[in-house]
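All of the numbers you see were taken from the coordinates with simple rules; none came from a lab. The structure presented is a predicted model; accordingly, all values stated were derived computationally and were not measured. Cβ atoms come from the backbone with ideal geometry, glycine included; neighbour counts cover every protein chain shown.
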């Protein structure tokens with residue numbers, strides 16, 4: 001989802017940059033050394049859509065807790081919980097590398113890229129919710145102040161906070177020793193996990209629009225630290241095992257906690273949280289696997305490899321718009337067609353929703369990018 005001298009999206013997140021719109025045939029290829037970040041961004045965007053498709057089944061809107069349908073949705077949803085942390089780590093990888101850039105230039109570039117989408121899409125989603133559910137202006141104002149005007153737009157508030165901190169973090173990572181930066185990243189991750197645990201389990205200290213980014217600083221710095229790691233075969237296998245174990249622990253742990261409490265509630269939700277210990281393990285492992293995949297498949301020098309990197313960049317360039325649009329598309333489809341119970345029927349419908357949402361959101365984004373008045377919104 002950031003205009004830099006290297007390829008990125010807003011904060012390295014769902015994918016955008018301050019440049020003219022491109023098409024798959026016209027987009028230049030990302031350099032081989034950083035093409036894996038495009039792969040990670042596109043994959044994370046797909047994972048976000050999948051999480052939102054399966055979420056209402058897990059929260060028991062369409063099935064009962066503990067049914068086969070519920071466990072299937074829980075397994076799929078849990079396996080994609082790395083999506084948002086990976087977006088944030090991509091941001092850190094792209095933005096924290098020290099460089100000469102005046103504060104005014106940095107802030108103008110970054111906030112010009114996310115400022116318009118934040119204002120436009122917050123207003124659009126709140127107006128849409130007022131139509132769908134009848135929320136009042138007071139409720140809408142409360143959602144803005146909390147930084148959660150929609151289930152996904154909190155991410156823009158997270159990016160804005162990380163942007164504010166980035167110039168100062170650059171100075172820190174440039175002059176501190178690598179072990180010191182690792183200690184800082186670890187400490188911030190522990191603080192973030194503790195903050196989420198206390199807020200979720202005790203109901204105190206809930207983040208708001210201004211502070212929502214703070215728990216994610218650890219991920220942001222870790223993304224920078226792991227950007228150029230050498231992925232040996234041993235590290236790749238270790239990351240794969242960690243991803244599988246983290247996924248299993250998240251799905252089984254959340255399921256067992258929900259079963260113990262007899263409902264899908266706060267205690268079970270904590271393990272799904274992007275700052276739970278199991279999701280932290282999953283997210284770092286997934287990030288490293290994207291790094292390994294890039295080294296394996298995206299570093300070729302031939303014409304075919306260059307063409308694949310160009311296509312991947314073209315998709316990455318529109319992923320920010322897909323991220324912004326997809327919730328409205330998904331909820332509209334789900335309001336019309338619902339979600340059936342039964343494992344097979346649910347998985348088929350979820351697959352249909354995922355494909356339809358991606359295609360429709362992509363089409364909307366491409367159209368918006370071709371209209372001067374709307375281009376800046378995606």
Quiz prompt | the chain, helix-only ellipticity at 222 nm - DSSP H runs n ≥ 4, -39,500 (n - 2.57), divided by all residues, nearest 500 | solution = -24500 deg cm²/dmol
Quiz item: Sorting 168, 157 on the 10 Å Cβ count, fewest up front, what's the list?
Solution: 168, 157
Quiz prompt | Kirkwood hydrodynamic radius (C-alpha pairs) into Stokes-Einstein, segment 210-288, 20 °C and 1.002 mPa s, D in µm²/s | solution = 154
Quiz item: Peptides 237-243, 316-322: what's the order by average Cβ count within 10 Å, highest mean first?
Solution: 316-322, 237-243
Quiz prompt | Segments 79-92, 248-261, 178-191, 98-111 sorted - mean Cβ within 10 Å per residue, highest first | solution = 79-92, 248-261, 178-191, 98-111
Practice problem: Take the alpha-carbon centre of segment 133-181, take the same for segment 336-378, and report the distance between them in whole Å. | Solution: 26
Quiz prompt | Pairwise label distance in nanometres, residue 359 with residue 337, each label 7 Å out on the Cα-Cβ vector | solution = 1.0
Quiz item: What FRET efficiency do you get for residue 119 and residue 237 if R0 is 41 Å and r is their Cβ-Cβ distance, rounded to the nearest 0.05?
Solution: 0.35
Quiz item: So, in nm, how far is label residue 306 from label residue 135 when the simple model puts each one 7 Å beyond its Cα toward the Cβ?
Solution: 4.8
Quiz item: Could you give the length gained on full extension between residue 261 and residue 352, defined as 0.36 nm per residue of separation minus the Cα-Cα distance, in nm?
Solution: 29.5 nm
Quiz item: Which length gain, in nm to one decimal place, applies between residue 252 and residue 297 when the Cα-Cα distance is subtracted from 0.36 nm times their residue separation?
Solution: 12.9 nm
Exercise. Normalise the Cα radius of gyration of the chain by 2.2 N^0.38 Å (N = residues in it) and let me know the number.
Key: 0.95
Quiz item: Would you list 172, 54 from fewest to most Cβ contacts within 10 Å?
Solution: 172, 54
Quiz prompt | Likely footprinting exposure, 336, 37, fewest C-beta neighbours within 10 Å first | solution = 336, 37
Self-check item: Backbone N under 18 Å from the residue 175 label point (7 Å along Cα→Cβ), restricted to segment 92-120
Solution: 96-103
Quiz prompt | Set of segment 122-142 residues, backbone N closer than 17 Å to the point 7 Å along the Cα-Cβ line of residue 206 | solution = 135-142
